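Student: Below is the structure I would like to discuss, written out as structure tokens.
The values are calculated or read from the model by the stated rules, or taken from the named source; none is laboratory data. Just so it is clear, the structure is predicted and the values come from calculations on it, not from any experiment. For neighbour counting, all protein chains shown are included, and Cβ atoms are generated from backbone atoms with ideal geometry for every residue, glycine included.
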Amino acid sequence: MKKEPVGKLISYIHRQNLKRLTKAFAPYGIGSGGQHSFLITILLNPGITQDYLTHELKFDKATTARSIKLLEQNGYIHRRPDPDDGRSHLLYPTAKATHFHPILSQILTDSNRELTQNLTSDEADQLVYLLQKLKSDPESD
């Protein structure tokens, strides 16, 4: 097997996975650009701020703003003024988002299963371990 650069392999896998997720989320009005990541984070942490999302998910502020705007327009989230900071809004899932949560989780579970379908359970665990080790590199923040 030809040894390819790690970055190239990760990039390829990311693009292929993004294509699958975009197709799976399209019927629900969830687009690309990580909207599903924002939505699941809001579902799991109701009342978080946009700044928290940007920091937690490692997206830039513009991408966060666009994704939040689209999720709000599509009825998945709503904003409330932050009583402690007049310049900030707290983000909450709507009933539509709460109803969609099990579907979202299943799509992501299926995607992860598809990504690791050619690996043994031990190999999949090792892959996660190694990717987390790469992610935790202080230079990557």
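Student: Being touching a residue at least 12 places away in the same chain (Cβ under 8 Å) and either at positive phi or polar (S, T, N, Q) (or both): is that true of T109 here? Walk me through how you get there before you give the answer.
Tutor: On the way: touching a residue at least 12 places away in the same chain (Cβ under 8 Å): no; either at positive phi or polar (S, T, N, Q) (or both): yes.
In short, no.
Student: Regarding P81, is this residue part of a loop (DSSP other than H, G, I, E, B) and in contact with a strand residue (DSSP E or B) (Cβ under 8 Å, 6 or more places away or on another chain)?
Tutor: Details: part of a loop (DSSP other than H, G, I, E, B): no; in contact with a strand residue (DSSP E or B) (Cβ under 8 Å, 6 or more places away or on another chain): yes.
When the stated conditions are applied, P81 does not pass them.
Student: Then there's this: Being in contact with a strand residue (DSSP E or B) (Cβ under 8 Å, 6 or more places away or on another chain) and of a type in the set (F, W, Y) is the filter here; which residues of the range 39-78 pass it?
Tutor: Scanning the range 39-78 gives a single hit, Y76.
Student: Scan the range 38-68 residue by residue and report those that are in a helix (DSSP H, G or I), closer than 18 Å to F100 by Cα and free of Cβ contacts under 8 Å to residues at least 24 places away in the same chain. Walk me through how you get there before you give the answer.
Tutor: Within the range 38-68, the first condition is being in a helix (DSSP H, G or I), and the residues that meet it are 38-44, 50-57, 61-68.
Cutting the leftovers down to closer than 18 Å to F100 by Cα gives us 38-44, 67-68.
T41, L44, listed by residue number.
Student: Continuing with the same structure: Read through the list (1) modelled with pLDDT of 95 or more; (2) in contact with a Lys or Arg (Cβ under 8 Å, 6 or more places away or on another chain), then give the number of the only condition that S111 fails.
Tutor: Of (1) modelled with pLDDT of 95 or more; (2) in contact with a Lys or Arg (Cβ under 8 Å, 6 or more places away or on another chain), only one is false for S111: (1).
Student: Quick check on my filter: what residues within the range 93-133 are more than 27 Å from Q35 (Cβ to Cβ) and of a type in the set (S, T, N, Q)?
Tutor: Within the range 93-133, N118, T120, S121, Q126 qualify.
Student: Follow-up. Which is surrounded by fewer than 15 Cβ atoms within 10 Å (Cβ to Cβ), of a type in the set (S, T, N, Q) and either within 27 Å of Q132 (Cβ to Cβ) or under 15 Å from the mean Cα position of the chain (by Cα) (or both), of Q73, Q50, Q35, Q117? Let's see the steps before the verdict.
Tutor: Details: Q73 fails: either within 27 Å of Q132 (Cβ to Cβ) or under 15 Å from the mean Cα position of the chain (by Cα) (or both); Q50 fails: surrounded by fewer than 15 Cβ atoms within 10 Å (Cβ to Cβ); Q35 fails: surrounded by fewer than 15 Cβ atoms within 10 Å (Cβ to Cβ).
Only one candidate qualifies: Q117.
Student: Something else: Given the structure, is S88 part of a strand (DSSP E or B) and at pLDDT below 95?
Tutor: Yes.
Student: If you don't mind, another one. Return yes when Q126 is at pLDDT 95 or above and assigned to a helix (DSSP H, G or I) and no when it is not.
Tutor: yes
Student: State whether one or more residues within the range 48-60 are more than 20 Å from H89 (Cα to Cα) and either touching a Ser or Thr at 6+ places or on another chain (Cβ under 6 Å) or of a type in the set (D, E) (or both).
Tutor: No; the residues of the range 48-60 include none that is more than 20 Å from H89 (Cα to Cα) and either touching a Ser or Thr at 6+ places or on another chain (Cβ under 6 Å) or of a type in the set (D, E) (or both).
Student: In the range 100-108, is there at least one residue being surrounded by 12 or more Cβ atoms within 10 Å (Cβ to Cβ), outside any helix (DSSP H, G or I) and within 16 Å of the chain's Cα centre (by Cα)?
Tutor: For the range 100-108, residues surrounded by 12 or more Cβ atoms within 10 Å (Cβ to Cβ), outside any helix (DSSP H, G or I) and within 16 Å of the chain's Cα centre (by Cα): absent.
Student: All but one of (1) touching a residue at least 60 places away in the same chain (Cβ under 8 Å); (2) over 27 Å from V6 (Cα atoms); (3) hydroxyl-bearing (S, T, Y); (4) surrounded by 14 or more Cβ atoms within 10 Å (Cβ to Cβ) hold for S88; which doesn't?
Tutor: Exception for S88: condition (1).
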